[in-house]
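Input: a single structure, listed below in structure tokens.
Please treat every number below as a calculation from the coordinates, not as lab data. Here the structure is a predicted model, which is why all the values come from computation and not from measurement. No Cβ is skipped: glycine too gets one built from the backbone with ideal geometry, and neighbour counts run over all protein chains shown.
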Amino acid sequence: MSGMTPEDFVVAHTVVGRAPLVPEIALYLASEITPIWQATEDWLKERNIEPPFWAFAWPGGQATARLLLDEPARVAGKRVLDFAAGCGIASVAAAMAGAASVEAAEIDPLALAAVRLNAALNGVTVATPEGDIVGAPCRWDVILAGDVCYEAPMTAHILPWLRGMAAGGAEVLLADPGRAYLPRQGLEPVARHVVPTTLELEDRRQREVTLFRLLP
């Protein structure tokens, strides 16, 4: 394992599949949860890597991707950031929808590798800058944030910055499947999708995801 690149690791521990709500996009995904989690724990000991959230197409990402493929004018010709991109399903959808440029932000090098592989798999280009992008000045027209309000520290870290991006003129689309730390104010509903899921990942077989425009 020590000789593996992040891309090698992703390919070795996933299979190519398609998310139920967005069958147009092929992705490297975990076929079973336990093996990928154990393998990543071993990798984590060596490199201090996060758990393999990148190996699954989470409901927020699926709903965002569906919206962009159904309504490509939302991103066509625009500069797009997929924040906390995970597997990059929304990044790929934005590129397929005709975005002028797409960046995927992740702090996990395995997630960035997964995004690069998934972009190549679908014949699109997605940039993958390294490091925590929170605090960076706005250089995007549209910011996608799927399923990011699942922990209090995470929400407290990112929400002021995202609201600042909205105040600066970016459209911030936040997709949430009912996570506990979603803010109660400053959200304008845009669309809703019911996303099939599994009891291994969620506590139910489907999640209703609401896509909001985040207000300044």
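A few notes on this one:
- Most mobile of His193, His13, His157 in a GNM of the chain (Cα contacts under 10 Å): His157
- Translational D in µm²/s for the chain (Stokes-Einstein at 25 °C, 0.890 mPa s, Kirkwood Rh from C-alpha pairs): 143
- Over the range 75-156, relative contact order from alpha-carbon pairs under 8 Å, at least 6 apart, %: 35
- Helical contribution to [θ] at 222 nm, DSSP H n ≥ 4, -39,500 (n - 2.57), averaged over the chain, rounded to 500: -10000 deg cm²/dmol
- Shown is the FRET efficiency for Glu130 and Met4, computed with R0 = 25 Å from the Cβ-Cβ distance and rounded to the nearest 0.05: 0.85.
- The chain: relative contact order as a whole-number percent, Cα under 8 Å and 6+ apart: 18
- Extension gain, Arg192 to Ala76: 0.36 nm times the residue separation minus the Cα-Cα distance gives 39.7 nm.
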